[in-house]
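So the structure is just underneath, and the comments pick up after that.
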Amino acid sequence: EITKAAAHVAGADFLLCIGGAQAIAALAYGAGGVPPCDAIVGPGNQWVTAAKQLVAGKCAIDMLAGPSELLVLADETADPSVVAADLLAQAEHDVVAIPMLVTTHKALVAKVEKELTTQLKNLGTKGTAAKSMADNSFVVVCDTMQEAIETADFLAPEHLEVLTKEPLAVAQRLSHYGALFIGTHAAEVLGDYGAGPNHTLP
């Protein structure tokens, strides 16, 4: 409904309920009642990226994006169930998604792993999420918050979520990310599905 409201405000002529590489082809060349468009923008999996590469020149594209990434920067105050849910929300995007946890609290890792196991059982996209977690996820345990911040800046993720005692203070010390989500109530998934403008992909 948010997308429909935004389209109305923007003066969209019509909405198409299509996706994937076939949608890129339809938009670039036209199909049935769909006229060719001037530009194709937005995220997608590797098949969408390959399709955008093929039609570049026929119409404008925004970029060729790589796998989606989320880095959760957490300390001892982070709720393991929230950390796990947010990592899984990223992992379910695609089997090549990259969920990352950087923490200053070693004990958090085992708690998050337990939550991941529990939450995966009831996840409708558990096949994709489990493969992404098994193949691409990783954890970095740091001795200090400064080290954790430097690690996050070095990794420069597409999405960076701060779950710490003083999230705003930590966020102000970070420099390299595509989109920043500050605090327990700022889940990255909100940025994917309607909270404010879309973020800039690195």
As an exercise: evaluate Val48 against (1) surrounded by 12 or more Cβ atoms within 10 Å (Cβ to Cβ); (2) more than 17 Å from the chain's Cα centre (by Cα); (3) under 26 Å from Ala97 (Cβ atoms); (4) of a type in the set (A, V, I, L, M) and give the number of the one condition it does not meet.
(2)
Of the conditions (1) part of a helix (DSSP H, G or I); (2) under 25 Å from Glu92 (Cβ atoms); (3) open to solvent by 40 Å² or more (accessible area, probe 1.4 Å), Pro43 fails just one. Which one is it?
(1)
Quick count over the stretch 83-127, residues being of a type in the set (Ser, Thr, Tyr) and either at pLDDT below 95 or touching a Phe, Trp or Tyr at 6+ places or on another chain (Cβ under 6 Å) (or both), is 1
Only one of (1) open to solvent by 50 Å² or more (accessible area, probe 1.4 Å); (2) of a type outside the set (D, E, K, R); (3) closer than 21 Å to Ala91 by Cα; (4) part of a helix (DSSP H, G or I) fails for Leu64. Which number is that?
(4)
Search the stretch 102-127 for residues that are closer than 14 Å to Val139 by Cα and pair each with any residue that is exposed (fewer than 14 other Cβ atoms within 10 Å of the Cβ) and at pLDDT 95 or above when their beta-carbon atoms are under 8 Å apart and the residues are at least 6 apart or on different chains.
Thr104/Glu76; Thr104/Asp143; Thr104/Thr144; His105/Glu76; Ala107/Glu76; Leu108/Glu76
Being touching a residue at least 40 places away in the same chain (Cβ under 8 Å) and on the phi < 0 side of the Ramachandran plot narrows it down to one of Ser81, Ser137, so name that one.
Ser137
If we keep just the residues of the stretch 138-178 that are in a loop (DSSP other than H, G, I, E, B), of a type in the set (Asp, Glu) and at pLDDT 95 or above, which is surrounded by the fewest Cβ atoms within 10 Å (Cβ to Cβ)?
Asp143
Residue count for the stretch 186-202, restricted to those that are open to solvent by 60 Å² or more (accessible area, probe 1.4 Å) and either part of a helix (DSSP H, G or I) or modelled with pLDDT of 90 or more (or both):
1
Residue count for the stretch 67-99, restricted to those that are open to solvent by 30 Å² or more (accessible area, probe 1.4 Å) and among the hydrophobic types (A, V, I, L, M, F, W, C):
5
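The values are calculated or read from the model by the stated rules, or taken from the named source; none is laboratory data. All of these numbers come straight from a predicted model, not from anything done at the bench. Using ideal geometry, Cβ is built from the backbone for each residue, glycine included, and neighbour counts are taken over all protein chains shown. Areas reflect the complete protein model, heavy atoms only, side chains present, ligands, DNA and RNA absent. Shrake-Rupley method; radii C 1.70, N 1.55, O 1.52, S 1.80 Å.
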